[in-house]
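Novice: Handing you this structure, nothing more for now.
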Amino acid sequence: MGTAKFTDYMIKNLKPKDKKYYQREAHGFAICVYPSGIKSFFFIYTLDGKRNSMALGSYPETTLSMAREAYGTAWKLYNDGKNPALLLEEAKEVRRQAPIVADLIDEYLERYAKIFKKTWAEDERILFREVLPVWGKRKLADIKKRDINLLLEGIVDRGTPGMANNTFKIIRKMMNYAVEKDILPYSPAFGVKLPAPQNTRERVLSQEEIKVLWKSLESASMEKVTMKALKLVLVTAQRSGEVVGLHTSEIDGRWWTIPSERSKNGKAHRVYLTDKALELIGDTKENRYVFPCPHKEKGKSIHRHALSRSVKRNLAWPLFNKDGKPHLDSDGNQATENRLGVDCFTPHDLRRTAATFMAQQGFMDEVIDAVLNHSKQGVIKVYNLYRYCKEKQQALESWERMLNNIL
């Protein structure tokens, strides 16, 4: 067909036909449109009298600029009298025989984490920040137990033991994946222990702390949507990640159904919305995220870590003098102030606080677990399929009455 220069607009408007067809640019750079609608870039060339085609990737996963760059590399090899498709296969074989850590990270994220883990983005963030810069170019087979320990000790030494534990858990999972896929004969993480003690949090806010926090949130340095989301965690006892993603399409009257794809245990969960919860949510008739990202063009909710970041920042807000320079304390360190008026806590502690007060009001563990959407264990998981909707409503209404009295 024609030889017009490719543009994204032109590619997006290529329509599928009964049979696949090629749209060519020049010098063998082409895109194939399949009846299914899939569009793939190719380098088509003739070598030793034989027609060859080299796949460059599917659009839009492979962008036009990416495909053009790959085509440019292949064209140079072809101009030198080499077969670029054959060289590419040889390079892939070399990488397969001796993969580097960067290869495993890519495969683990694409073929496991993004498919089976709702928190895959956190895996990606940690691997890209903690592992890739240190091990990325090293051969996977050269990573030993000692390397893992040294990496984790370095994270602990910089004062972030929790991150060291999280990094180790992801490395262990990734190495186990490599063993399952026969990329490694055994996991170098086998026998490695957590680099730091696990801290089981037991923080529950007192009635006085709840009263102080509720008021101080109004004047804290955070977005209004973040403030309301924190309050909704306390009112509903739901996970902060599920609260921030709340969409009005999930609300039907006084019931909020967290879909299975958003719930931690993969099961849809119904939450009764009390008066205070509905007040925090606002208008439910408009089709919208209840806690939208400030950047309206993004069209999504605030980030799942927005609540914890805002809490942490306001618990130790940095102070500056009138000249805009850091205000130093008596030890010469950056002076801070607690803008929330209570001791250190996390958004998850608000959920634990609500559950604890429900227990104090006499509600049974089974009901509180139903409110929290905890997975049932043992035989009861198989035989007790009751959803406790009536009891959940009673528990949340009772908790709201108590919360109103506290405030």
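Novice: Could you check region 288-329 and list, in sequence order, the residues that are closer than 22 Å to residue 342 by Cβ, in a loop (DSSP other than H, G, I, E, B) and out of contact with any strand residue (DSSP E or B) (no Cβ under 8 Å at 6 or more places or on another chain)?
Specialist: Within region 288-329, 305, 329 qualify.
Novice: Same structure, new question: Where residues in region 35-69 are more than 23 Å from residue 13 (Cβ to Cβ) and aliphatic (A, V, I, L, M), which of them is surrounded by the fewest Cβ atoms within 10 Å (Cβ to Cβ)?
Specialist: Across region 35-69, the extreme among qualifying residues is 47.
Novice: If you check 62, 3, which single one turns out to be assigned to a loop (DSSP other than H, G, I, E, B), in contact with a strand residue (DSSP E or B) (Cβ under 8 Å, 6 or more places away or on another chain), in the same structural domain as residue 82 (by TED's automatic domain parsing) and modelled with pLDDT under 90?
Specialist: Details: 3 fails: in the same structural domain as residue 82 (by TED's automatic domain parsing).
Going through 62, 3 in turn, just one is assigned to a loop (DSSP other than H, G, I, E, B), in contact with a strand residue (DSSP E or B) (Cβ under 8 Å, 6 or more places away or on another chain), in the same structural domain as residue 82 (by TED's automatic domain parsing) and modelled with pLDDT under 90: 62.
Novice: Looking at 374, 348, can you tell me which residue is modelled with pLDDT under 95 and either buried (at least 17 other Cβ atoms within 10 Å of the Cβ) or outside any loop (DSSP other than H, G, I, E, B) (or both)?
Specialist: Working: 374 fails: either buried (at least 17 other Cβ atoms within 10 Å of the Cβ) or outside any loop (DSSP other than H, G, I, E, B) (or both).
Result: 348 is the single residue among 374, 348 that is modelled with pLDDT under 95 and either buried (at least 17 other Cβ atoms within 10 Å of the Cβ) or outside any loop (DSSP other than H, G, I, E, B) (or both).
Novice: Residues 85, 70, 113, 91: which one is within 30 Å of residue 170 (Cβ to Cβ), in a helix (DSSP H, G or I) and modelled with pLDDT under 90?
Specialist: Residue meeting the stated conditions: 91.
Novice: Restricting the search to region 208-235, which residues are surrounded by fewer than 14 Cβ atoms within 10 Å (Cβ to Cβ) and in a helix (DSSP H, G or I)? Lay out the reasoning, then the answer.
Specialist: So in region 208-235, the residues surrounded by fewer than 14 Cβ atoms within 10 Å (Cβ to Cβ) come out as 208, 215, 218-219, 221, 224.
Passing the criteria: 208, 215, 218, 219, 224.
Novice: Also: Determine, yes or no, whether residue 308 is small (Gly, Ala, Ser), modelled with pLDDT of 80 or more, assigned by TED's automatic domain parsing to the domain that holds residue 235 and surrounded by 17 or more Cβ atoms within 10 Å (Cβ to Cβ).
Specialist: Numbers: small (Gly, Ala, Ser): yes; modelled with pLDDT of 80 or more: yes; assigned by TED's automatic domain parsing to the domain that holds residue 235: yes; surrounded by 17 or more Cβ atoms within 10 Å (Cβ to Cβ): no.
No; evaluated as a whole, the condition is false for this residue.
Novice: Before we move on, is residue 355 assigned to a helix (DSSP H, G or I) and surrounded by 16 or more Cβ atoms within 10 Å (Cβ to Cβ)? Let's see the steps before the verdict.
Specialist: Values: assigned to a helix (DSSP H, G or I): yes; surrounded by 16 or more Cβ atoms within 10 Å (Cβ to Cβ): yes.
Spelling it out, residue 355 is indeed assigned to a helix (DSSP H, G or I) and surrounded by 16 or more Cβ atoms within 10 Å (Cβ to Cβ).
Novice: Can you pull out every residue in region 165-202 that is among the polar types (S, T, N, Q) and either in a loop (DSSP other than H, G, I, E, B) or more than 20 Å from residue 122 (Cβ to Cβ) (or both)?
Specialist: Selection gives 187, 198, 199, 200.
Novice: Would you confirm whether or not region 191-199 contains a residue that is among the β-branched types (Val, Ile, Thr) and modelled with pLDDT of 90 or more? First the steps, then the outcome.
Specialist: If we filter region 191-199 for residues that are among the β-branched types (Val, Ile, Thr), which is where we start, we get 192.
Next cut, modelled with pLDDT of 90 or more only: 192.
Yes, the conditions are met somewhere in region 191-199.
Novice: When you look at residue 244, is it touching a helix residue (DSSP H, G or I) at 6+ places or on another chain (Cβ under 6 Å) and within 19 Å of residue 358 (Cβ to Cβ), yes or no?
Specialist: no
Novice: Restricting to region 240-253, and then to whatever is without any contact (Cβ under 8 Å) to a residue 40 or more places away in the chain and surrounded by fewer than 20 Cβ atoms within 10 Å (Cβ to Cβ), can you tell me which residue is nearest to residue 405 (Cα to Cα)? I'd like the intermediate steps shown before the answer.
Specialist: Keep residues of region 240-253 that are without any contact (Cβ under 8 Å) to a residue 40 or more places away in the chain, which gives 242, 249-253.
Then keep just the ones that are surrounded by fewer than 20 Cβ atoms within 10 Å (Cβ to Cβ); that gives 249-253.
On the way: 249: 32, 250: 29, 251: 27, 252: 28, 253: 25 Å.
Out of the qualifying residues, it is 253.
Novice: Please list, ordered by first then second residue, the pairs with beta carbon atoms under 6 Å, 6 or more apart or interchain, first in region 1-28 and closer than 25 Å to residue 47 by Cβ and surrounded by 10 or more Cβ atoms within 10 Å (Cβ to Cβ), second of a type in the set (Gly, Ala, Ser) and modelled with pLDDT under 90.
Specialist: 3/26
Novice: In this structure, does residue 218 turn out to be free of Cβ contacts under 8 Å to residues at least 40 places away in the same chain and within 16 Å of residue 407 (Cα to Cα)? Show your work before the answer.
Specialist: Numbers: free of Cβ contacts under 8 Å to residues at least 40 places away in the same chain: yes; within 16 Å of residue 407 (Cα to Cα): yes.
The answer is yes for residue 218.
Novice: Using beta carbons and a limit of 8 Å, which pairs, at least six apart or on different chains, have the first residue in region 131-154 and in the same structural domain as residue 166 (by TED's automatic domain parsing) and the second one among the aromatic types (Phe, Trp, Tyr)?
Specialist: Going by the 8 Å Cβ cut-off, the qualifying pairs are 143/135; 145/190; 147/135; 148/168; 151/135; 152/168.
Novice: Considering only residues that are touching a residue at least 40 places away in the same chain (Cβ under 8 Å) and among the charged types (D, E, K, R), look in region 263-299 and name the one that is surrounded by the most Cβ atoms within 10 Å (Cβ to Cβ).
Specialist: So the residue we want is 276.
The values are calculated or read from the model by the stated rules, or taken from the named source; none is laboratory data. What you see is a predicted model; the values in this text were computed from it and never measured. Glycine gets a Cβ as well: all are built from the backbone with ideal geometry, and neighbour counts include every protein chain shown.
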